Each structure stands twice: as structure tokens, then as C-alpha cells.
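One structure is given here, and the rest of the page talks about it.
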Amino acid sequence: MEVESSKQEENKTMMAQHDGNPSKKRRRRTICLVVISVILALALIFTILGLTVFKAKRPVTTVNSVAIADLDFSLDITRLKVYLNVTVDTSVAVKNPNRVGFKYKNSTAFLKYRGDVVGEVPIPAGKIGARDSQTMNLTLTLMADRVLSNSNLYSDIMSGTLPLQTYTRIAGKVRIVFNIHVVAYTTCDLEIDISSRNITKQQCHYKTKL
């Protein structure tokens, strides 16, 4: 009798353990479903915010001013040689319309003459706060050895007008859930009257890529 009683107790214990396993499995399955649902809900919320409230917007670049800081030239007609020195001051404002900061890398502003780079100045890396603006005052000096090798210079000097172009490229990123890369371009076409040393024509173009 004692043996039978012992066997019955063992059988009850085994049945109880067997009956408890499905319950544990259901509990684990429920927990997993809840965790997955929370993760999906958070992902959906972040996606909606990223596409609406925190949607990445293009930084707005504006040229506040372009001025001739220095212009010296002399013309040797007998030797058909031109001696030229030009310094251009430009002020560029970059506005960040996003609700998060815009970090930009080391960039460069260029001075061009008929497509050739004849001067450049570095723009150190930095950050523009959310919905904030930053003004960059840049001084571009023409490198005489680069411009004198251009065959068009003599005829431009004789006409009294020197065509130059300022070109600025600022690349950075806006982090909204993930990094969004942004590149802002600014180009200004200038015509300089050599005799008066003034800018007689200025046309600026802006472009931004996300």
C-alpha cells in the first residue's frame, strides 16, 4: 500500500509539472508579444515624428554682402603683362530651421575666375543650434599666380570688367532618429569695374541637398 501511495504521489507531481509548463509558455509568449508591440509602437511614433514635427528641413543660406576690400592692378602694355591683386569680403548667413542642431564639417569657400579656382579660405567645423542662425564672415584673396596664367585675363582687363565668382559648400548632418546628411551650396557671380573698384553686378544662387 505504501508503495502504491508513493507512486500515486509521484504521478500527481509529474502531472502537476506537466500541466504547469503550458502556463509558463503562454506567459512567456504574452510577454514577448507585449515587448514586440511596445517596440513597434515606439518605432511608429518616432517615424511619425520624424516625418512631421521633426522632419529634416534644408538649412537656408543667404549672402548678406559681398564687397571689394582691396583691388590693385597695373598693366604693362609693352610686355602684355598684368599685375593684379584682389581681396573680396563676403558675409554668408546660414539658418537652421530644424528642431535639432545642425553640425557641419570643415568646409571651404572658393574664389573663381572663369571656372578656375584662384583663391580659397577654410571654414572650420561647427554647430548651429535648433532654429538658430550663424553668420560667417569670409575674406577671399586672389592668388595672382593662378589668375595670371589664364589667357582671358588681358582681354578682361582691357574691357574694364573682371568677372569673378564666389563658391561656398557647407556639408553637415542633422540627427533625427538617424543621421540625415545635408549639403548647402552658395554661388555668387560678380562683375567688378576695375576703374571704380566696385561690384557693378551681383547674382547669387542657392542650392541645398538632403
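Filtered by the rule that a residue be buried (at least 16 other Cβ atoms within 10 Å of the Cβ) and not in a strand (DSSP E or B), the stretch 101-121 gives a lone residue, Gly101.
Yes/no matrix, rows are residues, columns are (1) modelled with pLDDT of 90 or more; (2) polar (S, T, N, Q); (3) within 18 Å of Val60 (Cβ to Cβ); (4) in contact with a Gly (Cβ under 6 Å, 6 or more places away or on another chain):
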site	(1), (2), (3), (4)
Arg114	yes, no, no, no
Ile123	yes, no, yes, no
Met143	no, no, no, yes
Met158	no, no, no, no
Thr168	yes, yes, yes, no
Val177	no, no, no, yes
Ile192	yes, no, no, no
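Among the residues examined, Ser107 does not qualify as of a type in the set (Gly, Ala, Ser) and modelled with pLDDT under 90.
Evaluation of Asn98 against the conditions (1) within 17 Å of Tyr185 (Cα to Cα); (2) surrounded by 18 or more Cβ atoms within 10 Å (Cβ to Cβ); (3) under 18 Å from the mean Cα position of the chain (by Cα) shows that the sole unmet condition is (1).
Scanning the stretch 173-195 for residues being among the hydroxyl-bearing types (Ser, Thr, Tyr) and open to solvent by 60 Å² or more (accessible area, probe 1.4 Å) gives a total of 1. Anything in the stretch 143-157 that is open to solvent by 20 Å² or more (accessible area, probe 1.4 Å) and in contact (Cβ under 8 Å) with a residue 12 or more places away in the chain? List them, or say none. Met143, Ala144, Arg146, Leu148, Asn150, Asn152, Tyr154, listed by residue number. Condition check for Ile199 on (1) farther than 15 Å from Val82 by Cβ; (2) surrounded by fewer than 15 Cβ atoms within 10 Å (Cβ to Cβ): one failure, at (2).
Val86 passes every criterion in (1) part of a strand (DSSP E or B); (2) surrounded by 18 or more Cβ atoms within 10 Å (Cβ to Cβ); (3) under 27 Å from the mean Cα position of the chain (by Cα) apart from (3).
Quick check on my filter: what residues within the stretch 122-142 are crowded, with 16+ Cβ neighbours inside 10 Å and either among the aliphatic types (A, V, I, L, M) or assigned to a loop (DSSP other than H, G, I, E, B) (or both)? Lay out the reasoning, then the answer.
Of the stretch 122-142, the ones crowded, with 16+ Cβ neighbours inside 10 Å are 123, 126, 128, 134, 136, 138, 140-142.
Within the stretch 122-142, Ile123, Ile128, Met136, Leu138, Leu140, Leu142 meet the criteria.
The values are calculated or read from the model by the stated rules, or taken from the named source; none is laboratory data. From a predicted model like this one, the values you see are computed outputs, not experimental measurements. FYI the Cβ positions are ideal-geometry reconstructions off the backbone, even for glycines, and counts take in every protein chain you see. Heavy atoms of the whole protein, side chains included, go into the accessibility calculation; ligands, DNA and RNA do not. Shrake-Rupley method; radii C 1.70, N 1.55, O 1.52, S 1.80 Å.
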